[in-house]
Amino acid sequence: MRFAVLIGGLLLAAQALAIDTGGAFEDPAEQERYERLIRDLRCLVCQNQSIADSNATLASDLRREVRELMIAGQSDDQIRVFMTDRYGDFVLYRPPVKPRTWLLWSAPVLLLLGGIGIAVFVVARRVRAAQANPAALDEEPEQR
Amino acid sequence: MIPELGHFTLILALLLAIAQAVFSLGGAARRHAGWMAAGRSAVVGQFVFVALSFAALTYAFVQRDFSVLYVATNSNSELPTFYRVAAVWGAHEGSLLLWSLSLAIWSLAATALSGSLDLPFRSRVIGILGLISIGFLLFMLTTSNPFERLVPAASDGNDLNPLLQDFALAIHPPILYMGYVGFAVAFAFACATLLEGRLDAAWARWTRPWTLAAWLCLTIGIALGSWWAYYELGWGGWWFWDPVENASFMPWLAGTALIHSLAVTEKRGLFKSWTLLLAVTAFSLSLLGTFLVRSGVLISVHAFATDPARGIFILGFLTAVIGGALLLYAWRAPQLKSSAGFEVTSRESFLLFNNAFLVAALGLILLGTLYPLFMDALELGKISVGPPYFELVFLVPMLPLLALLGVGMHAAWKRGLLSGARNRLLAIGGTALVVSLVAGAAVYGEIRPLTTIGFALALWVMGSSLAILVARLRARLPIPGAVLGMVIAHFGVGVSTLGITGVQSFKIEKDVALAVGEAATVADYDFRLTALRDVKGPNFLAVEADVVVSRAGQQVTILHPQKRLYNSGGNPMTEAGIEVGAGRDLFAALGDDLGQGRWSLRLQYKPLIRYIWLGALLIALGGGIAAFDRRYRRRAESTVAATEAAATTGRR
Amino acid sequence: MKIPVRFVVPAIVFAALVGFFIVGLRLNPGEIQSPLIGKPAPAFSLESLGDPSSKVSSTDFSGQAWLLNVWATWCAGCRQEHETLLAIARENRVPMLGLNWRDDRALASRWLAQLGNPYVSVAFDPEGRTAIDWGVYGAPETFLIAADGTVLQKHIGTMSLAVWERDFVPLLAPAGEG
């Protein structure tokens, strides 16, 4: 059964705006924290949007939850745990760091070092070739 | 009648594509001039019939022929003519026809402009393009026929998705597809080279302008999509790291690496296997993108109506084309050796590192996009990888890339960096850093590490690019198209970096609830709601607001955000009111009617955001200028090729 | 003909990718496993739909297995599964508790009056807080809870007799049906 059909009448309002009229937090740092949290959480009924960007009912309900949890003094981690307890890791747009995501999180450094490593290896070989045969470099005509 | 003709011409196109492939490849293998000539004629024929088929579909849309299922699903009688045409490529089946038309155009151009190539090689290129054409035409005819009839005919159609009823988004697919599909030419050149076991590097010179042309189309296509998302989707974002967006960005990164690798191969006959692999990779990523968008394996806002059955066909096609090319690569590439050398700080070295970073970035995006699929397939659960991940990791290879970019341009071929260049660069780098610190403090009132780095790198790249021009002018050296193109394109990279740093660091968004007469402040700008009215459009009804923006008492502009309800139904759409300034955008979007005359609004201050797309345009312009460098238009005797041919052990 | 490994790597990597895609075509990326399976059912105590003064809570059926069905009048799939729910209710093997999600009380009551009421009781959740506690993201959703209060099974989407027989019935006896 196609997933999309099951959602019934919930608005998949990709185009409508997700505006919170609850009012911003008094403390700008708290407001920034709220905006960061809602960008990190996925709207589960949408086709790839955060709860910050979606106007679906579930998204605004979840934004309300985040707001209330913040007011109740919960930390970022506690709020994320609240969400994953109910919806699983899928609800986090920033993947959790667990053994199964180590490859994902170490990829930036691994790929960077790997790329640099290969480049260094190739350059070393070519520099040796240039040093072994410096005359050949001058023989090639300049094209530019 | 016309739809049936459209269907029929598509079948003819398929037959001609088969002829194109068979006669070209067979003729090359058997050295049969007649066959090879037949293959070339088939290209023309295929183009004619695909174009006719496309014209037939367009006609069906313009004439509002709702007896055609695809037309009925994607347009209706109130849709303005321009969008009736744009609706041709608004959904899966029509977009495939656009793919085929694009490929037919590129094939025709490649055939017409390759007269200076030796005949068997030229025929192989044409033949490979023919094989790819067969795949797409067959896909359409077996699973996605745009000309399927709706019986009984609908009295009116559904409508084109209102999101797509917009100029920028209407032209975005044709330009984007010219980019994706254009990489097929480089792919065909690479495969032909591998097939023949060519050991020289002359093909690099032939391939380069084609790659530049495709790449610049892709650059514009992506920039259009980003710009559109910004003003249409209502919350001012310009890149979402959605799988389909990533699917367009990855070929772009591969294409960028390819252009730079081609430079080295053309110039010095080096990195041949890397260049060939990149040429295969760029087009493979285009095909992969097609698969990801239409198969349903990933969730995306952009996905076409997904269907695993179609996914299977595309996957099979993908496997055949890419798998074939990669096996060919494994077989032939090991024979490509060269003995040339270069020094540590030579241009070759910098280009190699440049490509290492580009490929690392590409790998990161590929991994992040596919990781949820990997985990799900291995039954390790479901996760999401979204903007928070991509935004962070993309910086890792990008920052070093931008830093080296500025240096590499000044490096000479073969030899290391000259001391004159070194001093010049230190001066530019120092200035960039100081200006960025000062500007951050003075204009925006604060200094942040990442922001400073971003601005400094942007100014560094821009300054370094201009310095090339200045150095050449001072030395009274000529400035060939390739050099001018490089300077402009790199300058554009700096401009985009400036825009990205500015908007990500200093943007301000505020959600407010206002009644007429009330105001809110965002970053010294006062946004006052002064009026609300009902508006009637060609196929929609809307509520429009007047938002007067002023600063220090002076009126700056009046914005007119709208909330539209299209007659064909569906969700309400927001049209933001945007004021473009030299250094910032002001943005207002209507949310919901909260009752008692109050409406929710999103107000935004977006500094430097336009520079992102301005930079992209400069990049594309640079690519275009480089593509038309005189030396590509000459019948070139590549002296590099002569040297290589003499040094190597001969062909095949 | 010896081919150095590094030239075969691209083809191997690609083959692995294709393998993943083949598997991926059979998966549904949007269907999320519930993290509640095997965990205690989230507690709630809400107003009854029909009678605001009485409460319906998660402990009403402790000691026996029970079903929770999340539904609403605006949900097309709920309308489609209603006959199946009535059939399951008639089997009388496990009691069914309805959770009316983000709905209008009057509309919901009328809906049940017109179409039939498979539920022993209906909890009214107009703000959706309890639904969030149960990890509900799209109606209809149906849960099977064991006698000891553990969530055993969840079905997202329209309930059908086929799904009932295949995924729920085998769990009823061990769950402690009354």
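The table below gives the values:
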quantity	calculated
Percent antiparallel among DSSP beta bridges (both partners in chain C, rounded to 5)	60 percent
Residue-averaged beta-carbon neighbours from other chains (10 angstrom radius) around B:344-356	4
Buried area at the C-B interface (accessible, heavy atoms, 1.4 Å probe, summed, Å²)	2200 Å²
A versus B: buried accessible surface, summed, Å² (probe 1.4 Å, to nearest 100)	5600 Å²
For the range A:100-143, diffusion coefficient by Stokes-Einstein and Kirkwood Rh (Cα), 4 °C, 1.567 mPa s, µm²/s	99 µm²/s
Sorted peptide list for B:460-467, B:55-62, criterion being average Cβ within 10 angstrom, highest first	B:460-467, B:55-62
Spread of Cα-to-Cα distances over 5 Å intervals beginning at zero, given as percent, for the range C:9-88	3, 9, 11, 13, 17, 14, 7, 6, 6, 6, 5, 3, 1, 0
Inter-site label distance for residue B:379 and residue B:567 at 7 Å from Cα along Cβ, in nm	5.5 nm
Chains A and C together, accessible area buried on both sides, 1.4 angstrom probe, square angstrom	2000 Å²
Residue-count net charge about residue B:224 - beta-carbon cut-off 15 Å; Lys, Arg +1, Asp, Glu -1	-2
Accessible surface of the range B:379-515, 1.4 Å probe, proportion on carbon and sulfur as whole %	70 percent
Relative packing of peptides B:404-411, B:218-225, B:107-114 - highest average C-beta neighbours within 10 Å first	B:218-225, B:404-411, B:107-114
Given charges at beta-carbon only (K, R positive; D, E negative), |dipole| of the protein assembly as shown in Debye	4820 debye
Cα-based Rg and Dmax for the protein assembly as shown, where Dmax is the largest Cα-Cα distance (Å)	30.5, 98
Shielding by partners, peptide A:113-121 (average Cβ within 10 angstrom, other chains)	5
For chain B, alpha-carbon Rg relative to the globular expectation (2.2 N^0.38 Å, N residues)	1.03
Alpha carbon centroid spacing (whole Å) that separates the range C:144-166 from the range A:28-44	34 Å
Percent of beta bridges antiparallel (DSSP, the range C:83-172, rounded to nearest 5)	50 percent
The range B:139-192 and the range B:450-486: distance between their alpha carbon centers, rounded to Å	39 Å
Alpha carbon convex hull of the range B:512-607, projected area averaged over orientations, nm²	6.4 nm²
Heavy atoms of residue B:530 accessible to a 1.4 Å probe, total area in Å² rounded to 10	60 Å²
Alpha carbon Rg of the range C:30-171, scaled by the compact-globule rule 2.2 N^0.38 Å	0.95
Average partner coverage of A:51-64, which counts Cβ from other chains inside 10 Å	3
Chain-alone versus full-assembly comparison, the range B:385-401, residues with accessible loss of at least 50 Å² (1.4 Å probe)	B:388, B:389, B:396
GluC sites (Glu not before Pro) within the range B:329-384: DSSP coil, no more than 15 neighbouring Cβ in 10 Å	B:379
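The values are calculated or read from the model by the stated rules, or taken from the named source; none is laboratory data. Bear in mind the structure is a predicted one, so any value in this text is a computation, not a measurement. A quick note on method: Cβ atoms are made from the backbone with ideal geometry, for glycine too, and the neighbour counts reach across all protein chains shown. Heavy atoms of the whole protein, side chains included, go into the accessibility calculation; ligands, DNA and RNA do not. Shrake-Rupley method; radii C 1.70, N 1.55, O 1.52, S 1.80 Å.
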